[in-house]
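The next block holds one structure in the form of structure tokens; read it before the comments.
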Amino acid sequence: SVTRFDGDTDKAAKVYDGLVPLTADDVAEVIAFAVTRAPHVNLDQIVMKPRAQASATRAHRVG
């Protein structure tokens, strides 16, 4: 966002105000779940998305 707003860090920071992003811990938890399934379980695909962001233009902001 800093590049998109020509170096304006304040404006760039506001892009994500009120959104709860996915964290590295969220991703790690899903990976741990996947690798601890029984040997007969095949997880073919996992899609992980933040609930607050429906698309690049639609988001549910808190507060």
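The values are calculated or read from the model by the stated rules, or taken from the named source; none is laboratory data. Everything quoted here is computed from the prediction, not taken from an experiment. Glycine also receives a Cβ, built like all others from the backbone with ideal geometry; neighbour counts cover every protein chain displayed. Ligands, DNA and RNA are stripped out before the accessible areas are found, and what is left, the full protein with its side chains, is counted by its heavy atoms. Shrake-Rupley method; radii C 1.70, N 1.55, O 1.52, S 1.80 Å.
Table for the structure above
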item	result
Solvent-accessible area, 1.4 Å probe, carbon plus sulfur percent, for the range 9-53	55
Packing rank of 40-46, 2-8, 16-22, where each peptide gets the mean count of other beta carbons within 10 Å, highest leading	16-22, 2-8, 40-46
Net charge of Cβ neighbours under 14 Å - reference SER1; Lys, Arg +1; Asp, Glu -1	-1
Accessible area of the range 9-53 divided out per residue, in Å², using a probe of 1.4 angstrom	87
Candidates per trypsin sites (Lys or Arg not before Pro) in the range 11-52, loop by DSSP, up to 12 other Cβ within 10 Å	ARG37, ARG51
